[in-house]
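Student: I have a structure I would like to understand better, so I am pasting it below and will then ask my questions one at a time.
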Amino acid sequence: LDVRLLCFHRPESVAWCKKQISEMLLACPDLTGVGFDFFGYQNYRCCLCPPSMQLLDAYRRRHQYEPREQALDEFSRDTLVGTIKEL
């Protein structure tokens, strides 16, 4: 992919996604839901921007028993699942 993607750790990105989904649902009243196939990051993990890395550090402090790679995998999964549930 050549385009920059949204950071799902940023509230304004999630708000933008919610707005887009709402507009689609209003435009097509017969739709009953939205599927999130291929919803995620290009690197199959998460955004690596400074705010995301701060959230990862906080996650690692709460889960000190985990090696860094395991923490990154679980943080990425938890973030993605949480975002999908919120949307």
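Student: Compute the distance in nm between two label points, each set 7 Å from the Cα along the Cα-to-Cβ direction, one at Ser22 and one at Gln42.
Tutor: Each label point lies 7 Å from its Cα, and together they span 3.0 nm.
Student: Can I ask one more? Pick out the long, greasy-scoring helices in the chain: whole DSSP H runs spanning 20 Å or more along their own axis by Cα, mean Kyte-Doolittle at least -0.5.
Tutor: 11-27
Student: Ranking request for peptides 29-38, 50-59, 75-84, 11-20: highest mean number of other beta-carbon atoms within 10 Å first, then the rest in descending order.
Tutor: With the highest mean Cβ count within 10 Å placed first, the list reads 75-84, 50-59, 11-20, 29-38.
Student: I need the semi-axes of the equivalent ellipsoid of the stretch 37-87: take the C-alpha gyration tensor, multiply each eigenvalue by 5, square-root it, list largest first in whole angstrom.
Tutor: Three semi-axes, in Å: 19, 11, 11.
Student: I would also like to ask the following. Compute the relative contact order of the chain as a whole-number percentage, counting only Cα pairs closer than 8 Å that sit 6 or more residues apart in sequence.
Tutor: 37
Student: What FRET efficiency, computed as 1/(1 + (r/R0)^6) with R0 = 25 Å and r the Cβ-Cβ distance, is obtained for Gln70 and Glu12, rounded to the nearest 0.05?
Tutor: E(calc), rounded to 0.05, equals 0.25.
Student: Which percent of Cα pairs goes in each bin when the distances of the chain are cut into 10 angstrom slices starting at zero?
Tutor: So the P(r) values, bin by bin, are 15, 43, 28, 11, 2.
Student: Taking the alpha-carbon centroid of each part, what is the distance from the stretch 52-87 to the stretch 1-47 in angstrom?
Tutor: 19
Since every read-out is calculated from the coordinates, none of them should be taken as a lab result. Keep in mind the model is a prediction, meaning the values are calculated, not measured. Because the Cβ atoms are built from the backbone with ideal geometry, glycine has one as well, and the counts that use them run over all protein chains shown.
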